[in-house]
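Peer 1: Please see the structure below; I have some questions.
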Amino acid sequence: MLVAKRVFDFWALFVSCALIGVSIYYATKGMKVQVRPIPGFDAIDEAVGRAAEMGKPVHFTPGFGGLVAATFAGLEVLGYVTGLAAKYDVRLIVTVSQPETYAVTEQVVRQAYLAAGKPEAFKPEDCRFISSDQWAYASGVIGILLREKVASNIMIGQFAAESLILAEAGNTIGAIQIAGTTNAYQIPFFVVACDYVVLGDEMFAAGAHFAKNQIHLGSLRGEDLIKGLCLLLVLIGTLMMCGGSDALLKTMNL
Amino acid sequence: MFIRKMLPTIIAFVCGTAVTVAYFFDIKSVQSIAQDIMQWRSVIAIFALGLGAVNIIMVHMRNLQRDRLKNVYSLALLAMFCITILVGLGWGQSSKGYRFIFDYINVPTGSAIFSLLAFYIGTAAYRAFRVKNAEAAILLVTGCIVMLGRVPLGVQILPIAPKLTDWIMVVLNVGGQRGVMVAGAVGFIAVSLRIIAGLERRVYGVE
Amino acid sequence: MKISTDIGVWVGALSALAIYSVLYKENPVYRLVENIFVGASAGIAVVVGVQTFQNTAWAPMAKGNTLLIVPIILGVLLYTRYLPNVSYLNRIPLSFLLGTAAGVAMRGSIESQIVGQLSATMIKLNSFDAWVIFLGTMTSLAYFFLTYRVTGRAAIITTWGRYFMMAAFGAAFGNTVMGRVSAAIGRFQFIFLKWLGM
Amino acid sequence: MDIFEKLQNLDKRVFYVLMALAIAIPTVSPLGLPISVEAPVQQTYNFVKNLPDGSRVLIGFDYEPGDEIDLNPQAIALFHLLAPKKIKVVAISSFPAGPMFADECLAVLKEYGYKYGQDYVNLGYYAGGEPTLAAFGNKPTSIYSKDWLGNDVASLSLVKELTSMKDFSMAMTLNDGPTGGTGTHEWVRQAVMAHGTPLIMGCTGVLAASNMTYVQGGQCKGILAGLAAAAQLEKLLGKKGTGTVGMDAQSIAHVLIVAFVLLGNVAMILSKRRQKAPGGGASR
């Protein structure tokens, strides 16, 4: 019944989901989970606070991606940033590239202002759809960064080649920059050009880090268990290979 | 209550599960449902584009109102936006006017923006590649070796660079890259699972 | 030198120069070209969107696939966000978009990014290179344990994990320069050869 | 601020000007710097060289405007390699602009007496990415009823004889990334995993690092990365093409960046030394 060549994949996904599910269950029942410090996230308070002191806006973009996992992580952070901006009365400018992401992003910002008790602070013109064209999006965003002279530039989500254009424009105006993406080809540019980088998978800890939400904490523990299992699998597989058996490797290719 | 909270959760669950099950299981009925879901999704996504268009018009109309038509930039943007749509829908995508906008405005300007990276990449490297600590030093060394190893002139300066570059790209690079990729994918699964299971309802507006 | 007489080439070359001017400073010329470009590209997106809608929804529906009325209605519901009384209805299409996207993301990542990468790491440790790959993968993956604080001796694992990642990032950075310079070469060729005819 | 501190914080615009010159000068008058061949290119060359004469290959033009400067020269060099072996070429594209690039590159085959429809075809754009490629792999004619030029595929002998992906002795994707079109790992899945057709990749420089894992994992038989690979292939072929010319500008640009990095570091170290010396300036 399982599609050929996807048998192992299915069971791997099944086990992964089960581990996450069980961890969430235990976390909501009171299991203690702590997130290790993530400097990029800690810096967000500082970044918004700095904007408040300087009386300049904060810019946030969830990147060029459509509705992919990295974008979701970005939106999670956006919810928190919006809350902070509402608290300190800082102007928050959000720029979006893909229409479907825009549909969700606008909702997230609206909701976050509502949750902060300042629904009137939400301004549709500050949550902008730029263009679904990669370079038009890049040019629009650098235009906004340079003209609005933002104090802080936060870029967390799915980024492609435009990452460095945005980061260098932000650097030119002396903005404090926090960036994160899972795209392994683009992380280097953020590492080089930004003040703080949320490395790859660390992004997905946003909910657990900021809201200390039990569901997210549990889910994060589940992720760690999966990673542990991955390490174990590689270790066993490699030992077996060294012993001359490729049984595990064959099983994984099923 | 049902429409506000339960229905969105159920829809997300059904869509996510159907798409996943159809991928792994050879069940014709589920696969055809999943195919429909994917098609429907792309139709809905087109409507999201309209939201973007509304936002563009709103933002720039407001600019024009505020600056009493003196804002040539917003005017240019709106004019170009409308002209492109009129030409594209009125005369079609193979018409001369539309081709002009596409081939002579969109493509070359886009390429020019992309090529800004040639300049930015150098200044970013100049600023960040400093031997301040072990990590920055590693970044600097692998970065510079690969840069030299990629071009003939670099090879003349550092003859061992191509060999080192090959080794860096095929061996040294692999581990770090894989770590990021695998860990990231685990995160993907967790987020996706939470959305499908209705634990991330905040994203679509259900508190 | 033979300067081009093609208006298209002139437009392309001048817009490229306007874009490059931002390297000096943000200025009105850049701003104008930026706005024209953003306007045109957003317009193109709308044109393509309408075309796609006609091909994938309207035409098949007219041909009898009446079920397609459902996504069309859902699409329209996205706009209820502008109407405070019924704005909650926009959650329905959003949940559809999100649920489907999540399903696609989930099934895709397990195979190519997890199982594929892990099985590629299982090799005989009979050479220095094999050890580097093995240790690089193990330590950098171990860096991403987020709910366990690694302290003491074990911290060396995550430190090395970061070192391996930095090596990979440096490599990717150095390797990217070529593509970026290529793009500039393309534009310069356009300006010098096509436009100025040198 | 002493001279060393100034050198650590140069105005970005100094670099911009030098970079512009580094690219402009070779563009206007090529220098012809020497080139050496790297292992992945040699491996790819050897693999293609050993394909059976007269067999068919499938080439995916999976890139968008902006990346043609990297990928067109690769395709052209590859065609110069395939043509003497009388290997037939089927081109498909997962981006709307792809067929245009395919057309430009396929033009070189005419020099070798290739006939359209019989020895090579440009089938054009397919929407939908991987699922469509999968369907193409199972039955090529199910996706295309007409080629890019508007010919009925039934009139093209090369296409008529195709039954599945297995008919190709090699598949290649010229790829600029995972967004939008069919990415490299989708090709690995649909060509290698689904049909066992050997795959090579031509990619932009930025993608080389991550795609190298496929070569290393054996799922991919060879990889060409960026303009350099095209120039190296041109060297193996003994032809000077656009790849070779572009490499001049590349050489100077790369060395310029490395020089700036070194300058920044030397200045930093010297300025630290000076501060440590008695009577030195205040530390920052």
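Peer 1: Which of rounded, prolate, oblate describes segment D:1-48, given a ≥ b ≥ c as roots of the alpha-carbon gyration tensor eigenvalues and a/c under 1.5 marking rounded, otherwise prolate only if a/b is larger than b/c?
Peer 2: Note, shape of segment D:1-48 comes out prolate.
Peer 1: Relative contact order of chain A: what whole-number percent is it, with Cα pairs under 8 angstrom and at least 6 residues apart?
Peer 2: 27
Peer 1: Now for a different question. Please give me, ordered by residue number, the chymotrypsin sites (Phe, Trp or Tyr not before Pro) of segment B:85-182 that lie in loop per DSSP and have at most 13 other Cβ atoms within 10 Å.
Peer 2: B:91
Peer 1: While we're on this one: For chain B, which DSSP H helices look membrane-span-like by this rule: Cα extent along the axis of 20 Å or more and mean Kyte-Doolittle of at least 0.5?
Peer 2: B:7-24, B:72-90, B:107-128, B:134-150, B:173-196
Peer 1: Taking neighbour Cβ counts within 10 Å as the exposure measure, how do C:24, C:88 sort from fewest upward?
Peer 2: C:24, C:88
Peer 1: Rounded to the nearest 20 debye, what is the charge dipole size of chain D about its Cα centre when +1 sits on each Lys and Arg Cβ and -1 on each Asp and Glu Cβ?
Peer 2: Its charge dipole is roughly 840 debye.
Peer 1: Report the calculated FRET efficiency for residue C:153 and residue B:94 (r = Cβ-Cβ distance, R0 = 51 Å), to the nearest 0.05.
Peer 2: For residue C:153 and residue B:94, the calculated efficiency is 0.15.
Peer 1: Let me ask something else about it. So which of A:87/A:123; A:5/A:250; C:2/D:239; B:70/B:96 end up more than 21 Å apart by C-alpha?
Peer 2: Check vs 21 Å cut-off fails for C:2/D:239; B:70/B:96.
Peer 1: Counting only trypsin sites (Lys or Arg not before Pro) that sit in a DSSP loop (anything but H, G, I, E, B) with at most 12 other Cβ atoms within 10 Å, what is the longest stretch of chain A containing none of them?
Peer 2: That would be A:33-211.
Peer 1: Another question, then. Hey, got the average number of other protein chain Cβ atoms within 10 angstrom for residues in A:141-151?
Peer 2: 3
Peer 1: Dipole of the protein assembly as shown (Lys/Arg Cβ +1, Asp/Glu Cβ -1, origin at the Cα centre): which of C:13, D:268, B:14 lies farthest to the positive side?
Peer 2: D:268
Peer 1: Between segment A:143-201 and segment A:222-254, what's the alpha-carbon centroid distance in Å?
Peer 2: Here the answer is 36 Å between Cα centres.
Peer 1: A further question on this structure: Within chain D, which is the longest segment containing none of the GluC sites (Glu not before Pro) that sit in a DSSP loop and have at most 15 other Cβ atoms within 10 Å?
Peer 2: Longest gap between qualifying sites, sites excluded: D:162-284.
Peer 1: What percent do you get for the relative contact order of chain B when only Cα pairs under 8 Å and 6+ apart count?
Peer 2: Once normalised by length, the contact order is 21 percent.
Peer 1: Quick check: the angle from helix D:226-237's long axis to the longest principal axis of chain D, C-alpha only, nearest 10 degrees?
Peer 2: 60
Peer 1: Helix-only estimate, please: 222 nm mean residue ellipticity of the protein assembly as shown, summing -39500 (n - 2.57) across DSSP H runs of length 4 or more and dividing by its residues, to the nearest 500.
Peer 2: -20000 deg cm²/dmol
Peer 1: Right, here's the next one. Modelled label-to-label distance, residue D:164 and residue B:4, 7 Å Cα→beta-carbon offset: nm?
Peer 2: So the two model labels end up 5.5 nm from each other.
Peer 1: If you don't mind, another one. Which of the aspartates and glutamates could a cross-linker span from residue B:28 if the Cα-Cα distance has to be under 14 Å and same-chain partners fewer than 8 positions apart are dropped?
Peer 2: Answer for residue B:28, where 14 Å is the Cα cut-off: B:36, listed by chain and number.
Peer 1: Just C:71, C:84, C:60 to compare: in a GNM of chain C, with alpha carbon springs under 10 Å, which one fluctuates most?
Peer 2: Looking only at C:71, C:84, C:60, the biggest GNM fluctuation is shown by C:84.
Peer 1: Label segment C:150-189 by shape, choosing from rounded, prolate and oblate, from the square roots a ≥ b ≥ c of the eigenvalues of the Cα gyration tensor; if a/c is under 1.5 it is rounded, and otherwise prolate applies when a/b is larger than b/c, oblate when it is not.
Peer 2: Because a/c hits 1.5 or more and a/b exceeds b/c, segment C:150-189 counts as prolate.
Peer 1: Okay, next question. Of the residues D:11, D:70, D:53, which exhibits the maximal mean-square fluctuation in a Gaussian network model of chain D defined by a 10 Å Cα contact cut-off?
Peer 2: D:11
Peer 1: Can you tell me the relative contact order of segment C:78-198? Whole percent, Cα pairs under 8 Å, sequence separation 6 or more.
Peer 2: Relative contact order here is 12 percent.
Peer 1: Mind checking the dipole of chain A: about its Cα centre, +1 per Lys or Arg Cβ, -1 per Asp or Glu Cβ, Debye to the nearest 20?
Peer 2: 520
Peer 1: Looking only at D:101, D:15, D:47, which one moves most when chain D is put into a Gaussian network model with springs between Cα atoms under 10 Å?
Peer 2: Of D:101, D:15, D:47, the most mobile in the Gaussian network model is D:15.
Peer 1: In the structure shown, do any of D:139/D:166; D:85/D:139; C:124/D:166 have a Cα-Cα gap over 21 Å, and if so which?
Peer 2: D:85/D:139; C:124/D:166
Peer 1: In peptide A:53-61, how many Cβ atoms from other protein chains are near each Cβ within 10 Å, on average?
Peer 2: Mean inter-chain Cβ contacts per residue within 10 Å come to 0.
Peer 1: How crowded by other chains is D:32-38, given as the mean number of beta carbons from other chains within 10 Å of each beta carbon?
Peer 2: 4
Peer 1: On a straight-distance basis, which aspartates and glutamates could pair with residue A:29 in a cross-link, Cα separation under 19 angstrom, same-chain partners fewer than 8 positions away excluded?
Peer 2: Within reach: A:223, A:224, B:200.
Peer 1: State whether segment B:74-122 is rounded, prolate or oblate according to the following rule on the C-alpha gyration tensor (a ≥ b ≥ c being the square roots of its eigenvalues): a/c under 1.5 gives rounded; otherwise a/b larger than b/c gives prolate, and the remaining case gives oblate.
Peer 2: oblate
Read-outs throughout are calculated quantities, based only on the coordinates presented, and are distinct from any laboratory measurement. Keep in mind the model is a prediction, meaning the values are calculated, not measured. Positions of Cβ are generated from backbone atoms using ideal geometry, with glycine treated the same way; all protein chains shown enter the neighbour counts.
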